[in-house]
Amino acid sequence: MQIEELKTTREHKEGRILIVDDDVDFALSLLDVLESRDYLVEIAHDIPSGKEKAAHLGAQVALVDIRLRRDSGINLIAQLKEINPDVLCVMMTAYAATDNAIEAIHEGAYDYLQKPLDMRYLLTTLDRCFEKLQLEDDKAKAEAERERLLVDLEQRNAQLDDQLDQLRRLNAEIVRLQHLLQSTTNSMPSALIALDVDGHVLLWNPAAEALAGHSATQVQRQLLWQVCPELERYRNLFDQALHERQVVHLHQEQVTTEFGVSYRDVDVFPLSTDNIEGAVLRVDDVTDRVLIEEMMRQSAKMASVGRLAAGIAHEINNPLSGMMQSAQFLQLVFDVQHPRSRERLQACGVDPDGLERYLRERDTYAYLQGICSAGMRAAKIVSDLLSFSRKGSKPAHYDLNALVEQTLDLAAADFDLRKKYDFRKIEIARELAPDLPMVLCDGQLIQQVVLNLVRNAAQEMARKEQAMPASEEGYQPRLNLRSSLVQNEHRHDVQSPSGQIVRLEIEDNGLGLSEATQAQLFEPFFTTKDAGEGTGLGLWLCWSIIVEQHQGRIWGEPNSEGGARFVIELPVEGVSHTGHSDS
């Protein structure tokens with residue numbers, strides 16, 4: 001009898017799961033996840049093999065896709081229950097519809113999951129399935145025990161029977177309420193930690209386990225500040241909530257861990273029951289919300305810059321046009337070799353040749369040409385500024401070298417007297433490959449990436465120059481930009497059907513990159529600048545533009561001169577924002 005009970009307990013602990021899905025890759029990936037959780041798993045891809053493997057495995061839970069080629073997974077529910085009436089069927093589908101869910105539940109499905117699956121929710125659902133099976137097993141055993149007791153109790157007083165029934169009902173209600181409370185806390189995404197007045201753990205949900213890395217059994221009845229020293233920072237909030245008997249909040253706390261920077265909202269609620277004194281600590285990860293808010297602020301800032309640039313361009317272009325027209329008119333007037341100009345000068349009693357000698361001696365022609373050249377350069381800067389500040393449009397074919405040159409023209413106007421750096425003092429070396437193929441991309445976004453990288457390089461070189469002792473002279477900030485056409489060696493990272501990608505390298509001789517910095521370069525909110533000088537989103541936005549929006553690659557590495565090198569790779573064919581290659 002003991003051997004049979006041990007076998008039954010072991011089989012239920014391991015859990016037997018049948019996956020029925022015609023998507024082989026999806027089924028295999030799900031198999032890996034579930035086997036890593038010590039479940040016994042079998043895979044089937046259609047209804048006949050599903051029935052066969054369910055019978056062979058003795059499946060307790062079946063994960064069934066609603067669409068199985070030409071069949072409906074809903075039809076399999078009744079057939080599986082003929083094999084094992086206690087099997088729990090959980091339906092999966094990428095085509096979410098209320099009618100499908102209602103039909104599946106009506107046919108006896110236990111739950112309904114939508115693809116792509118949330119693995120945490122899937123595992124929680126499986127836990128609930130096996131908890132239900134365990135409860136059903138316990139219930140069957142309890143019923144058997146109850147029958148045995150009834151045989152004995154029939155000879156006893158009827159009053160004892162009534163009392164026993166009453167206690168049984170009360171116990172069932174307590175168990176139901178406990179399960180309801182446990183299910184409620186377990187399903188919450190917030191980390192919930194209930195503590196008594198001394199700080200011992202009374203409640204610990206799965207989100208708290210993910211936050212602190214300790215299971216409920218490890219921390220139950222333990223002093224929180226000892227088993228989880230990283231949560232010691234919230235002890236003052238806990239004491240304050242107990243003392244003031246009101247909720248205490250901590251908004252957007254910045255936390256730095258080995259995985260990067262994150263933000264948390266923390267609330268401490270004092271327990272208000274008469275029998276229990278303590279508080280509940282709730283911790284929410286709001287990193288995504290903070291990131292979105294910061295991106296919205298940056299977008300609003302860029303929109304303001306665009307409107308300001310348009311207004312400035314209008315105000316500058318008007319006097320600039322007048323200045324250039326006046327200079328061109330003077331060039332025409334002082335062209336004494338022109339027949340009409342000579343006639344008019346002679347009519348006014350002016351010697352044309354003498355006037356020409358005078359103007360050449362005073363370099364008047366050179367000054368007029370300088371005015372025209374400076375005006376044309378100013379007009380080009382205004383035009384580039386307007387082009388850069390416009391909102392992104394649909395991808396088009398661009399010459400990457402031309403985008404780089406336009407961005408360098410904009411960067412040439414970048415200088416910061418307070419930080420003592422001037423982009424115009426940097427030696428720029430261009431190694432831009434001629435005859436590069438046109439790249440299908442969002443030109444304005446690519447310019448933003450290049451401008452961000454060259455500005456970062458300028459700032460790092462300025463920091464290096466400022467950190468050098470006064471006795472050391474001769475440091476020349478240098479920026480190398482190199483473009484090339486290469487074969488795609490990372491087909492999983494850069495989607496290029498032809499196998500060709502355009503590469504842009506931006507090198508500086510600044511402070512360089514440490515291994516620790518390389519590992520966190522493109523994480524949101526990570527920055528090496530002093531407090532207040534940066535948001536930590538610049539390189540993350542570069543990564544998002546190149547990788548997420550253009551399906552390219554970007555990385556940073558030290559170079560041979562001790563500085564940093566950033567490399568961008570884009571597919572020649574370009575990739576639309578939906579992620580499909582455009583040949």
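Separation between the residue 348 and residue 78 pseudo-spin-labels, each 7 Å from Cα along Cα→Cβ, expressed in nm?
10.7 nm
Calculate the FRET efficiency for residue 435 and residue 365 from the Cβ-Cβ distance with a Förster distance of 45 Å, rounded to the nearest 0.05.
0.70
With a point put 7 Å past each Cα toward its Cβ, work out how far residue 257 is from residue 177 in nm, to one decimal.
3.5 nm
Which peptide among 105-112, 34-41 comes first, and what is the full order, when sorted by highest mean count of other Cβ atoms within 10 Å?
Ranked by mean Cβ neighbours within 10 Å, highest first: 105-112, 34-41.
So which trypsin sites (Lys or Arg not before Pro) in region 182-239 are both in a DSSP loop and have at most 13 other Cβ atoms within 10 Å of their Cβ?
Loop-located and lightly packed - 221.
Could you give the length gained by full extension between residue 186 and residue 500, i.e. 0.36 nm per residue of separation minus their alpha carbon distance, to one decimal place?
The span from residue 186 to residue 500 would gain 108.1 nm if fully extended.
Using DSSP to call loops (not H, G, I, E or B), can you name the GluC sites (Glu not before Pro) in region 112-206 whose Cβ has at most 14 other Cβ atoms within 10 angstrom?
Counting only loop positions with at most 14 other Cβ atoms within 10 Å, the GluC sites (Glu not before Pro) in region 112-206 are 154.
At a Förster distance of 41 Å, what's the computed FRET efficiency of residue 33 paired with residue 292, Cβ-Cβ distance as r, to 0.05?
0.90
Need the C-alpha centroid separation for region 70-118 versus region 187-252, integer Å.
38 Å
Looking at the square roots a ≥ b ≥ c of the eigenvalues of the Cα gyration tensor of region 188-285, which shape do they give, rounded for a/c under 1.5, prolate if a/b is larger than b/c, or oblate?
Verdict is oblate for region 188-285.
Please report, in debye to the nearest 20, how large the charge dipole of region 188-285 is about its Cα centre when each Lys and Arg carries +1 at its beta carbon and each Asp and Glu carries -1 there.
Using Cβ point charges on Lys, Arg, Asp and Glu, region 188-285 gives about 80 debye.
So which chymotrypsin sites (Phe, Trp or Tyr not before Pro) in region 196-280 pass both tests, a DSSP loop state and at most 16 other Cβ atoms within 10 Å of the Cβ?
Passing both the DSSP loop test and the Cβ count: 259.
Order the peptides 362-373, 74-85, 560-571 from the highest to the lowest mean number of other Cβ atoms within 10 Å of their residues.
Ranked from most to least packed, the peptides come out as 560-571, 74-85, 362-373.
Which percent of Cα-Cα pairs in region 2-136 sits in each 5 Å bin, short to long?
The distribution over region 2-136 is 2, 10, 22, 25, 22, 12, 4, 2, 1, 0, given as percents.
For residue 135 and residue 517, calculate 0.36 nm times their separation in residues minus their Cα-Cα distance, and state this gained length in nm to one decimal.
132.4 nm
Report the extension gain between residue 226 and residue 373 in nm, rounded to one decimal, defined as 0.36 nm multiplied by the number of residues separating them, less their alpha carbon distance.
Net length gain for the segment: 45.6 nm.
What's the ranking of 429-440, 59-70 by average number of surrounding C-beta atoms within 10 Å, highest first?
Top of the packing list down: 59-70, 429-440.
Taking the Cα centre of region 70-161 as origin and charging only Cβ (+1 Lys, Arg; -1 Asp, Glu), how large is the dipole, in debye to the nearest 20?
The calculation lands at about 280 debye.
Each value in this text was obtained by applying a stated rule to the coordinates, not by laboratory testing. Everything numeric here is computed off the predicted structure, so don't read it as measured data. Positions of Cβ are generated from backbone atoms using ideal geometry, with glycine treated the same way; all protein chains shown enter the neighbour counts.
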